[in-house]
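The values are calculated or read from the model by the stated rules, or taken from the named source; none is laboratory data. Worth saying up front: this structure is predicted, and the values here are computed from it rather than measured. Heads up, the Cβs are rebuilt from the backbone with ideal geometry, glycines too, and the neighbour counts pull from every protein chain shown.
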Amino acid sequence: MSTIEKPLRILIVDDNRDGADALGLLVEALGNQAHVTYGGIQALDVATAFQPDLMLIDLVMPDIDGCDLTTQLRRIPQFKHTKIVAITGLKDERHKVQAMKAGCDLVLTKPVALEDIKSVLASVDPAAATSSRTRKASKQQSAPALENRLPIDEARRIRSDRKSKSLTQTESEAAICDGIIRFQEEYLGWRSDQVQIHFIKDLLVIRIRSVLTLAERQLGKTAAPEKGRDLIKQTRKQLLELARPMLESLVYEAVGIKVRSMHHDISTVTGEEVIVFSFGEIPRFE
């Protein structure tokens, strides 16, 4: 049961995969939506797409430490007032002071007590972030754009008729959206039209909403919910990994750049699924 009236969007950043996943399962068990990222550098772009109400950030990571990451996040206007909590195994006061100076609102020491997590969640007011997301969505909807689905055969025809032989960003997003919906229907056996595609620098973020099957929802309510949720995540990751060549081919055909890596996560509470593709360079569109 949630400790808050409205689910929070929580970004967890930690290079320790087991610890990060365990924390993600915990905040989801408390009724929230978690997105786990295993690297600090990628977290900057993922945060922009995910729009979290709360960020839980490890201080010691190999690519960028939590203090530097927090400093960079605070420079982004939309995260100026977002609650950021550092979670660390370092117990000395010096690191705590550094984290607070970097912009963290609070520092918790590992292993973090359940009551401390509940207290942090209860202290977050998602109203401002929700309002910001609503305004952003409204702007996107009011902007002139193509229908949000473009069959890949039609995308090929457009490309062949165009001197540059490339698609616009909107066309690429629409082609990938159509491919993802078809993939769900033909490969996974269900379909969701609630698919959002975002290009952020050298990342492609695909968000799919409300895709938990009835069997998965029942699995999440088993006698040991944490095991049920873990099984759901493992099964989805395996399915996506099997389909990875197919998905990477779809993205390559729409964007014209080969995929470097793929990251997947799913909220076993809300059903929102996130697939992040990274490229070796920033895509250029028509």
(request) Could you tell me whether Val251 is in contact (Cβ under 8 Å) with a residue 40 or more places away in the chain and part of a strand (DSSP E or B)? (result) no
(request) May I ask you to list pairs of residues, at least six apart or on different chains, whose Cβ atoms are under 6 Å apart, with the first in the stretch 260-286 being closer than 20 Å to Glu226 by Cα and the second being among the polar types (S, T, N, Q) and modelled with pLDDT under 90? (result) Ser267/Gln33; Thr270/Gln33; Gly271/Ser210
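Only one of these is assigned to a helix (DSSP H, G or I) and touching a residue at least 40 places away in the same chain (Cβ under 8 Å): Ile176, Ile181. Name it.
After ruling out the rest, the residue left standing is Ile176.
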(message) With the requirement that a residue be buried (at least 19 other Cβ atoms within 10 Å of the Cβ) and not aliphatic (A, V, I, L, M), what does the stretch 236-262 give you?
(response) Arg236
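In the stretch 82-104, is there at least one residue being outside the structural domain of Lys201 (by TED's automatic domain parsing), under 22 Å from Asp202 (Cβ atoms) and not polar (S, T, N, Q)?
Looking for residues that are outside the structural domain of Lys201 (by TED's automatic domain parsing), under 22 Å from Asp202 (Cβ atoms) and not polar (S, T, N, Q), one finds none in the stretch 82-104, hence no.
Step by step: first the residues of the stretch 74-85, then only those that are more than 14 Å from Ile10 (Cβ to Cβ) and either at pLDDT 95 or above or part of a helix (DSSP H, G or I) (or both), then the one that is nearest to the chain's Cα centre (by Cα). Which residue is that?
Step by step, filter the stretch 74-85, then rank; the result is Gln78.
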(request) Name, by its number, the condition in (1) assigned to a helix (DSSP H, G or I); (2) in contact with a strand residue (DSSP E or B) (Cβ under 9 Å, 6 or more places away or on another chain); (3) surrounded by fewer than 21 Cβ atoms within 10 Å (Cβ to Cβ) that does not hold for Leu108. (result) (1)
(request) Working carefully through the options Gly179, Gly189, Gly228, find the one that is surrounded by 15 or more Cβ atoms within 10 Å (Cβ to Cβ) and modelled with pLDDT under 80. (result) Gly228
(message) Based on this model, can you work out whether Ala129 counts as modelled with pLDDT of 85 or more and crowded, with 16+ Cβ neighbours inside 10 Å?
(response) no
(request) Count, please, the residues in the stretch 31-62 that happen to be closer than 18 Å to Gln78 by Cβ, of a type in the set (S, T, N, Q) and part of a loop (DSSP other than H, G, I, E, B). (result) 1
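Return the residue satisfying two criteria in turn: it lies in the stretch 207-225 and is in a loop (DSSP other than H, G, I, E, B) and over 21 Å from the mean Cα position of the chain (by Cα), and of such residues it is surrounded by the most Cβ atoms within 10 Å (Cβ to Cβ). Give the steps one after another, and end with the answer.
Going through the stretch 207-225, the residues in a loop (DSSP other than H, G, I, E, B) turn out to be 209-213, 220-224.
Next, from what is left, pick out any that are over 21 Å from the mean Cα position of the chain (by Cα): 221-224.
Numbers: Lys221: 8, Thr222: 12, Ala223: 6, Ala224: 9.
My answer is Thr222.
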